[in-house]
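I'd like to ask you about the structure that follows.
What follows is calculated from the coordinates using simple rules that are stated; it is not laboratory data. Quantities reported herein were computed from a predicted structural model and do not represent experimental measurements. Note: ideal-geometry Cβ built from the backbone for every residue, glycine included; neighbour counts use all protein chains shown.
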Amino acid sequence: MKAECPICAANIELAADTVIGELLECPDCGTELEVVEVNPPKLAEAPKEEEDWGE
Ligand SMILES: [Zn+2]
């Protein structure tokens, strides 16, 4: 199955056993993406884990 990169609109081939929450990297723009839907497949930019010690 294929999904579209939300950043650069590239078509990304997903493995048939891809599950929601899986992380992958767009081969085109290098953005880390998270699988948010599988039927139909949908990708979103993965949340970056930032160490924010602002307190
Ligand atoms: Zn991309």
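Taking amide H atoms as placed 1.01 Å from N in the peptide plane, list the residues 5 or more away in sequence, or in a different chain, whose amide H sits under 5 Å from that of residue 14.
2, 3
Counting Lys and Arg as +1 and Asp and Glu as -1, what is the net charge of the other residues whose Cβ lies under 14 Å from the Cβ of residue 41? Write out the running numbers ahead of the final one.
Values: positive: 2, 42; negative: 4, 13, 17, 22, 34, 37.
Result for the neighbourhood of residue 41: -4.
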